[in-house]
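Below is one structure; the comments refer to it alone.
The values are calculated or read from the model by the stated rules, or taken from the named source; none is laboratory data. All figures in this text were calculated on a predicted structure; none of them were measured in a lab. Note: ideal-geometry Cβ built from the backbone for every residue, glycine included; neighbour counts use all protein chains shown.
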């Protein structure tokens, strides 16, 4: 069995320091305390009676750890705790974890070092039993858990009886003839949410009915995520009733019902577990609320904790479940109107047909367009294709005698090519008219639609590459110390690609067995469209380029050779071959905790945030790219020059660039070119990457193609195919960087010559 001496030796401190850490009798530096706590956990040290006696002097200080400072429900809990203890001479300290496990652990350790008399907490890591055993139970700290019970532990626990409440609501709805009943919950890893799911499922079983899994919808318990999830779940699907496990979730669902034009309770019943409020019925007319008092929960938690504090050794742990008051539910299911559709067959005289690349923003656009159709009566049909297929599909559609699509989504680098081939309609008059409100859109994004003095579309996606990194790891003192010992510089978000590779090596377990991640980063290259930007950002930052101002090819240069050596170094710290890895895989690798850094587009930022929350990997930070040469993302909407529906399309463009639409688009994993979301303090708090996106606009460079009037444009994909062939030639054919660049230089020169570059073009057969 481990002793105090063993802990001191493992942590590299004195026995006295360990004792002070356990007792709170003297200040111990946070980094030292973390080392001691980690050693205790590693060695499975259990403090003996004498160790516990070190904490016998009461501080009359209570620590409260809650998840969210903005949650009114949690505020009321704290008020209840405070009201009880302050009358009894206790000091109350509150901390918020922001639903991040590493912050929660840090706050609990802070309270332990302060020798608090007891703890009250709502945990965001109920499955981390080892932590609670080593940090709380083994130190004999009286603790009351609220709402979420730790797995496989005998603890004091208080919460509302969510199982019985949701069971009662669902059973009543089923008795009244409802069958399409949706349940919106939080993470089922939390006992509060899993109890709700069990109650919902058992009510269906009571009637011998099967549960439709697609109607049980998990959110991260924010109203924004609830809006995103409910838009995806409810669009085009009528339901009789919706039960939400918290008001935050209900508010997000309510916003979705507003966008979809569904009224409560006429079209759908909405019932939520809710804090008691005298005006709940008038705040959100039609929405039904249970009545539970968070203040009472906090007060009873304080009572139980004090009882435990007064009897710390022999106290028998207690569980207390409080009951909700369930509202009266309508006796008949609503009558559904036919849902508004954004797809399906359209006649030649109605609606709009839109061809889009298959991206998150594209699907968000389709979901939101339900609202446009409801407002205007103009139906919309969407078709999604792979990026590699889109340009060909546009060309084929324009060449047909009867064009199918009215609106095309196109990549910014294609603009010159599309104009030269007559694939886009000049919409300058519309863009410069007051009805469009071009001032709502980022100037940089609108410029991506301009050729000369004319505009050939509006921006639909506008953003840039940014860097994502594990902030919790970068700010860990022990990790930072180990990094500095190895590289003699402080661990920070990299400013150069050399620094990036050094940090990636440090976080790759093959080179550093103590790394908390398996790999330093990952890189997407399954398609040339994904690989080319990875190459370009390194070429640009090293002063490299593909052609000069006179359209002479300059691929085989020392600057480009240096850039390729940089990316070859990066590949040592990535999982798998880049040619077998797509962007989605790199996002998954980072969000699951497999990698420490990721360079990708802001288009994927919201998705990363969702994945990270589900995997509870820790805090994520955001920065502009090393080398300050990110590639801009630019996807525009342009009009088929032969469309008979220009007026309908202009109305649609106006709607897309409205401030309200841009907020919705941002929340739905979208990337809006409208300025408003980037200046919304509420959204920036939720999505911190927004401010780095705007900052990146100052440095972004376009993936362009050579253009000269009266000359044919070289398609971007042909140029980028040759650029990507350099890396393939090196890795697959075992050629040197110089050999591969020389070969690509020759091939690129032949391509340019065939299109009349750099000499003036007279005729091409």
The stretch 644-681, residues that are outside any helix (DSSP H, G or I) and over 26 Å from residue 425 (Cα atoms) = 668, 669, 680
ask   = Among the listed residues 519, 564, 507, which satisfies the condition of being at pLDDT 90 or above, surrounded by 16 or more Cβ atoms within 10 Å (Cβ to Cβ), farther than 30 Å from residue 745 by Cα and touching a helix residue (DSSP H, G or I) at 6+ places or on another chain (Cβ under 7 Å)?
value = 519
Matching residues, the stretch 126-142, being within 19 Å of residue 197 (Cα to Cα) and surrounded by 21 or more Cβ atoms within 10 Å (Cβ to Cβ) = 126
request  = Could you look through the stretch 318-360, keep only residues that are modelled with pLDDT under 85, closer than 30 Å to residue 393 by Cα and touching a strand residue (DSSP E or B) at 6+ places or on another chain (Cβ under 7 Å), and pick out the one that is surrounded by the most Cβ atoms within 10 Å (Cβ to Cβ)?
outcome  = 342
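Here's a check for you: in the stretch 61-89, which residue that is in a loop (DSSP other than H, G, I, E, B) and touching a residue at least 40 places away in the same chain (Cβ under 8 Å) is surrounded by the fewest Cβ atoms within 10 Å (Cβ to Cβ)? Spell out the reasoning first.
Filtering the stretch 61-89 for residues in a loop (DSSP other than H, G, I, E, B) gives 67-71, 87-89.
This time we only want the ones that are touching a residue at least 40 places away in the same chain (Cβ under 8 Å), so: 67, 71, 88.
Values: 67: 20, 71: 21, 88: 10.
Of everything passing the filter in the stretch 61-89, 88 is surrounded by the fewest Cβ atoms within 10 Å (Cβ to Cβ).
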Where a residue in the stretch 397-422 is within 18 Å of residue 356 (Cβ to Cβ) and its partner, wherever it lies, is in a helix (DSSP H, G or I) and at pLDDT below 90, with Cβ under 6 Å and at least six apart = 413/716
Meets criteria (touching a helix residue (DSSP H, G or I) at 6+ places or on another chain (Cβ under 7 Å), over 23 Å from residue 511 (Cα atoms) and not in a loop (DSSP other than H, G, I, E, B)) for residue 603 = yes
query = Any residue in the stretch 377-390 that is surrounded by 14 or more Cβ atoms within 10 Å (Cβ to Cβ), over 31 Å from the mean Cα position of the chain (by Cα) and at pLDDT 90 or above?
reply = yes
message = Please count how many residues of the stretch 695-718 are out of contact with any strand residue (DSSP E or B) (no Cβ under 9 Å at 6 or more places or on another chain) and in a helix (DSSP H, G or I).
response = 2
task = Please state which one of 526, 490 is in contact with a helix residue (DSSP H, G or I) (Cβ under 9 Å, 6 or more places away or on another chain) and touching a residue at least 12 places away in the same chain (Cβ under 8 Å).
result = 526
request  = Filter the stretch 580-593 down to residues that are surrounded by fewer than 17 Cβ atoms within 10 Å (Cβ to Cβ) and touching a helix residue (DSSP H, G or I) at 6+ places or on another chain (Cβ under 8 Å), then give me how many there are.
outcome  = 2
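Among the helices (runs of 4 or more DSSP H) contained in the stretch 240-317, which hold 1 or more residues that are at pLDDT 90 or above, in contact with a strand residue (DSSP E or B) (Cβ under 6 Å, 6 or more places away or on another chain) and under 24 Å from residue 84 (Cα atoms)?
Helices (runs of 4 or more DSSP H) meeting the threshold: 294-310.
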inquiry  = I'm told residue 445 meets every condition in (1) in contact with a helix residue (DSSP H, G or I) (Cβ under 8 Å, 6 or more places away or on another chain); (2) part of a helix (DSSP H, G or I); (3) outside the structural domain of residue 534 (by TED's automatic domain parsing) except one. Can you identify the failing condition by its number?
reply    = (1)
request  = Residues being part of a helix (DSSP H, G or I), touching a residue at least 40 places away in the same chain (Cβ under 8 Å) and within 23 Å of residue 255 (Cβ to Cβ): count how many of those fall in the stretch 370-396.
outcome  = 6
key: Selected residue (only one of 708, 698 is under 28 Å from residue 550 (Cα atoms), out of contact with any helix residue (DSSP H, G or I) (no Cβ under 8 Å at 6 or more places or on another chain) and not assigned by TED's automatic domain parsing to the domain that holds residue 539)   = 698
request  = Might you check whether a residue that is more than 23 Å from residue 312 (Cβ to Cβ) and crowded, with 21+ Cβ neighbours inside 10 Å occurs anywhere in the stretch 143-155?
outcome  = yes
task = Only one of these is outside any helix (DSSP H, G or I) and at pLDDT 90 or above: 424, 418. Name it.
result = 424
query = Any residue in the stretch 461-480 that is surrounded by fewer than 16 Cβ atoms within 10 Å (Cβ to Cβ), modelled with pLDDT under 95 and not in a helix (DSSP H, G or I)?
reply = yes
